[in-house]
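What follows draws every value from the coordinates through simple rules; no lab data is involved. The shown structure was predicted, so the numbers you read here are calculated from the model rather than taken from an experiment. Cβ sites come from the backbone with ideal geometry, for glycine too, and all protein chains shown count toward neighbours.
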Amino acid sequence: MAHTLSRKIAVFGAGYIGLVTGACLAELGHDVVVRDIQPERISLLQSGQIPIYEPGLGDLIIKNKERLTFTLNADEAVARAEIVYVCVDTPPTSAGDADLSRVWSVLHSLEGAAHLAAVVVKSTVPVGTGARARALLDDLGLHGVGYASNPEFTAEGRAVSDFLSPDRVVIGASDAETASLVEELHRGVDGEVVVMDIPSAEMAKMASNALLATKISFINEIASICEATGADVGNVARAVGLDHRLGPHFLQAGIGWGGSCFPKDSEALKQLASNTGYHPQLLSAVIEVNNLQKRRAISKVKDLLGTLEGATVALLGLTFKPGTDDMREATSAVLAARLLAEGAAVRCWDPLARPEAVEPWASTTRCESVLEAMTGADAAILVTDWPQLREVPWEEARGLMRRPVLYDGRNLLDPAAMRDLGFRYLSVGRP
Ligand SMILES: NC(=O)c1ccc[n+]([C@@H]2O[C@H](COP(=O)([O-])OP(=O)(O)OC[C@H]3O[C@@H](n4cnc5c(N)ncnc54)[C@H](O)[C@@H]3O)[C@@H](O)[C@H]2O)c1
């Protein structure tokens, strides 16, 4: 890929975003070291193995191994770097705000690194973080080190192509020199670069995720009204999405959104607004509709079965969406916990996810195939629209069940065909 100047970059955080950022910056010709605090993660990477599943990432890391190294040692990473990228996790605190402790920890580890040209934060952080980060860098004597916000808009499952061909690259910087430095790093990336002030860059990320979540909650609310009135949300979404002012994306009704970003980022934006004294009514409703959507699935299955006490329910797909192994805030965890609380036994299948032996998963039965999961089940809930689920021999699956209740939480299957096979088939917002 074309680039003008190869920079030395230290990326802090070897998770989904840090690894993709590191590998893609190396692909763009930069010399990159990725630092993490998890020894097992760094050992795996040093031995050529990839600790997460992300399409294309492994190949990119191998292809650029001359320019991409991994370390546990922060001082070593910073000593040879011109630019530090912060890609650490920002999970929710118990109050729902973003926990920035890992970001502060990275900045503290830069003490004495006055040789750096810039610190760039890619982690999703609340508006105002840049000002606090600047003050901390100044306290550490790093007055001459530039600061930029360069939020990541990528979607897991296509993060590498999103990085190299993004809809846009947003750079928030307090001075033109830092903005051009970060822009220069992206030479070779096929996407528009938008430079702005730091608070706006931070807000652009939060607003994007909030609007995507809003679209999904909106169509899910329409789906509930469709159910009550006899309309088909699939037809409605198609007609709505053909309006060029609205567009077809994120209008797929389903069982509710989850994942490592939407839940925590929408909650963090809600808390950020609340902390300023503003009550974010729309955002609060978006979150509430989503929470209800997951519970509605359980209520519908319970209505069909009479009771969940003593029933066996199969969960088909556990990750928050197909194409990833990420289980963070997955809808499946809410369903499993609700089912267990109602006294049901839970059997689950997923082609990639290997949930840790923590609750609710410690109390569920893992199955190697869809058919195994459905054996003896009173109901099955299709949670993640993995393409494999289109290929299931559904007639055989129905024959293995104790009662043929199927809740299609992603509207993946054809209602008439499933009913012809003898299923008591329910889906979202379809007659
Ligand atoms: N995952 C996504 O799809 C996505 C998309 C856009 C933005 N983001 C944002 O990017 C950030 C990172 O997300 P992620 O999904 O990569 O998280 P992750 O949990 O997969 O990775 C974070 C990594 O940072 C490491 N870490 C923690 N403290 C560290 C330190 N002091 N030094 C070095 N490494 C440290 C952790 O060990 C972990 O490996 C978050 O703020 C997230 O909101 C994520």
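Just subtract the alpha-carbon distance of Met196 and Asp139 from 0.36 nm times their residue separation and send over the number in nm, one decimal.
Here the segment from Met196 to Asp139 would lengthen by 18.0 nm.
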(Q) What translational diffusion coefficient, to the nearest whole µm²/s, does region 353-426 have by Stokes-Einstein, given a Kirkwood radius computed over alpha-carbon pairs, a temperature of 20 °C and 1.002 mPa s viscosity? (A) 165 µm²/s
Q) When DSSP beta bridges are limited to those with both residues in region 8-196, what percentage is antiparallel, rounded to the nearest 5? A) 10 percent
Q) Taking square-rooted eigenvalues a ≥ b ≥ c of the alpha carbon gyration tensor, is region 51-121 rounded, prolate or oblate, where a/c under 1.5 means rounded and, failing that, a/b exceeding b/c means prolate? A) oblate
**Q.** Calculated FRET efficiency for the pair Ser161/Ser105, C-beta based, R₀ 41 Å, to 0.05
**A.** 0.85
**Q.** Exposure proxy ranking, count of Cβ atoms within 10 Å, fewest first, for Glu177, Glu356
**A.** Glu356, Glu177
**Q.** region 240-347: chymotrypsin sites (Phe, Trp or Tyr not before Pro) falling in loop per DSSP and having at most 14 other Cβ within 10 Å
**A.** Tyr278
(Q) Springs between alpha-carbon pairs under 10 angstrom, Gaussian network model over the chain: which of Val392, Val195, Val32 fluctuates most? (A) Val392
Q.
Report D for region 299-431 in µm² per second (integer): Stokes-Einstein, Kirkwood Rh on Cα pairs, 10 °C, 1.306 mPa s.
A. 109 µm²/s
Q: Treating only the Cβ atoms of Lys and Arg (+1) and Asp and Glu (-1) as charged, compute the dipole magnitude of the chain about its Cα centre; round to the nearest 20 debye.
A: 860 debye
Q) For the Cα atoms of the chain, what angle does the longest principal axis make with the long axis of helix 262-275, in degrees from 0 to 90, nearest 10? A) 70 degrees
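Stretch Ile225-Glu395 to full length: gain in nm at 0.36 nm per residue minus the Cα-Cα span?
Gain on extension, Ile225 to Glu395, equals 58.1 nm.
Using helices alone, I'd like the mean residue ellipticity at 222 nm for the chain: each DSSP H run of four-plus residues gives -39500 (n - 2.57), total over residue count, nearest 500.
Value at 222 nm, helices only, nearest 500: -12500 deg cm²/dmol.
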Q) Nearest 10 degrees, 0 to 90: what angle lies between the long axis of helix 331-341 and the longest principal axis of the chain (Cα atoms)? A) 50 degrees
Q: Report, in whole Å, the centroid distance computed from the Cα atoms of region 316-377 and region 26-50.
A: 30 Å
Q: Give me the number: length gained by fully extending Ala114 to Glu372, i.e. 0.36 nm times residue separation minus the C-alpha to C-alpha distance, one decimal in nm.
A: 87.0 nm
Q) What is the percent of Cα-Cα separations in region 210-427 that go past 30 Å? A) 23 percent
Q. Regarding the chain, what whole-number volume in Å³ per residue does the convex hull of its Cα atoms give?
A. 150 Å³
Q: For region 186-201, just list the computed ³J(HN,Hα) in residue order, Karplus coefficients 6.51, -1.76 and 1.60, θ = phi - 60°, integers in Hz, with x standing in for Gly and Pro.
A: 8, 4, x, 7, 9, x, 6, 9, 10, 9, 8, 6, 5, x, 5, 5
Q: With N set to the residue count of region 8-196, report its C-alpha Rg divided by 2.2 N^0.38 Å to two decimal places.
A: 0.95
Q: Apply 1/(1 + (r/R0)^6) to the Cβ-Cβ distance of Glu66 and Arg187, taking R0 = 22 Å, and write down the FRET efficiency to the nearest 0.05.
A: 0.70
